[in-house]
Every structure is written in structure tokens, then in C-alpha cells.
Amino acid sequence: MTGGLLWGLTGLALLDSVNAATIWIVIVILLGAKRPAPTGWAFMLGAAVSFLAFALMFYFGLSFAESALDGFALWLRRGLFAALAVALAVMGVRRLRPRERRGYTLPQWVNAWSALPFGVLATIGDLPNAFPMVLAVERLLNADAAAPAAVLVLVGYTLVYALPAVLILAAGLAFNDELREQLQSMLSGRTSGTAGPSPKAAAACFAGAAASLAVLLLWVG
């Protein structure tokens, strides 16, 4: 377990932590839940525990697959970068066109008791966006990290993943009156109306897709 590997995994965790779905749900809970404190903390517990569970399942599942199928990790790595390139290219095309923003509303059944399973469901629904976690697991396997060390790293990865949403929840609960208007403005601005074309965002997505293809062709293998 080298310092370079840990720094790389930390970068992936920070990338994963900018999780729009989890952050916006936390803001919706702060603004709309009858009991935002227990509802918010229960939601975050469900989201974080389920994320860690999926990361561990993926790690041990890939460990078994790699031991049973020689070269499996290499093909997985190729598939990951190919999928990332395609996903970024599609995102770039979408950023060139106007699009309706998707609103976030709190389901009526979500309360302090049901928020934990709601966090689990939200994490399951957001798994297609968990590419950094998949790549982090692949890096751990490629480094031949011992299983106990890998588990500790994935626990730390999950803590970093949850940190932004936890900080927003804590700040919203501590400064509800002061932040409520700003949070409502953020939510309205991001989840209503129509977003115009964004050539800069599209260019960034296309650059990312090109970089993924370059890694796939020149490094992975």
C-alpha cells in the first residue's frame, strides 16, 4: 500500500463525494422534512452504510473473479475506461442542447423512521454514477493490497464520500434560519426551469472522453 496509491484513492473519493443526488436530497430534507435532524442523519447513515456494503461486495466479488479467471482485472480496466469515454461523450453532447432540469422532492412516506431505507434506495439508484468507486476497487486489486488493509481503505473512502453531504446537513441544522433562504435558492436554481447549452461544460466532457480513450489505448493493457 504505497503513498501514491493512497493519494490516488483519496482523489477518487473526493471526486465521488461531489455526489449531486445525495447532496440535493439532504437539502430537500433540510427544507421539507418535519423532523430534519433525525431524518437527515438516518438518511446519511443509510446512504453511507449501503455505499460501503456495495464497495465491499464489489471488492470481494472481483477478488474471487480475478482468482478464478486469469486476466479478469485487465478486461475490467479496459471496460471501465471505455465506458467512461462513452459516458463523457454522451454528457458532452447533452450539454450542447437545452435541457429541462429535474426537480427533487421528498416522498411523503419519508420520515425519521423510513429515512434510513430511503438512503439505501437512493444509493442503489445512484450506483451507475459510482465509477470512481469501481476504479478505486480495481486499483486496490491491481496493487495486491491485503484484504484487511483494503477494507480499511474502503471505510475511509466511504467517509470521504459522505463528507460534503454530512457537512451540509450539519450546517443546515445548526444555522437553519440563516441558511434556509440560500438553500432554497440553490435548490430552485438547480432543479427548475431549463438549462441552456454550455459549450465549456461540453468541451470539458469531450476532453475527459479523449483522455479516457488515451489511457485505454496507451496505458491500460
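The values are calculated or read from the model by the stated rules, or taken from the named source; none is laboratory data. A quick note: this is a predicted structure, and the numbers were derived from the prediction, not measured. Glycine also receives a Cβ, built like all others from the backbone with ideal geometry; neighbour counts cover every protein chain displayed. Note: areas computed on protein heavy atoms with side chains; ligands, DNA, RNA excluded. Shrake-Rupley method; radii C 1.70, N 1.55, O 1.52, S 1.80 Å.
A few notes on this one:
Okay, residues lined up against (1) of a type in the set (D, E, K, R); (2) open to solvent by 40 Å² or more (accessible area, probe 1.4 Å); (3) within 30 Å of A211 (Cβ to Cβ):
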position: V93; (1), (2), (3): no, yes, yes
position: R97; (1), (2), (3): yes, yes, yes
position: Q108; (1), (2), (3): no, yes, no
position: A112; (1), (2), (3): no, no, no
position: A122; (1), (2), (3): no, no, yes
position: A130; (1), (2), (3): no, no, yes
position: L135; (1), (2), (3): no, no, yes
position: A143; (1), (2), (3): no, yes, yes
position: A171; (1), (2), (3): no, no, no
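- Unique residue being acidic (D, E) and at pLDDT 75 or above when the list is D177, D126: D126
- Extreme residue, most open to solvent (accessible area, probe 1.4 Å), among residues of segment 3-17 that are over 17 Å from L84 (Cα atoms) and in contact (Cβ under 8 Å) with a residue 12 or more places away in the chain: L14
- Segment 115-146 - residue that is of a type in the set (G, A, S) and in contact with a Leu (Cβ under 7 Å, 6 or more places away or on another chain) and, of those, nearest to L15 (Cα to Cα): A136
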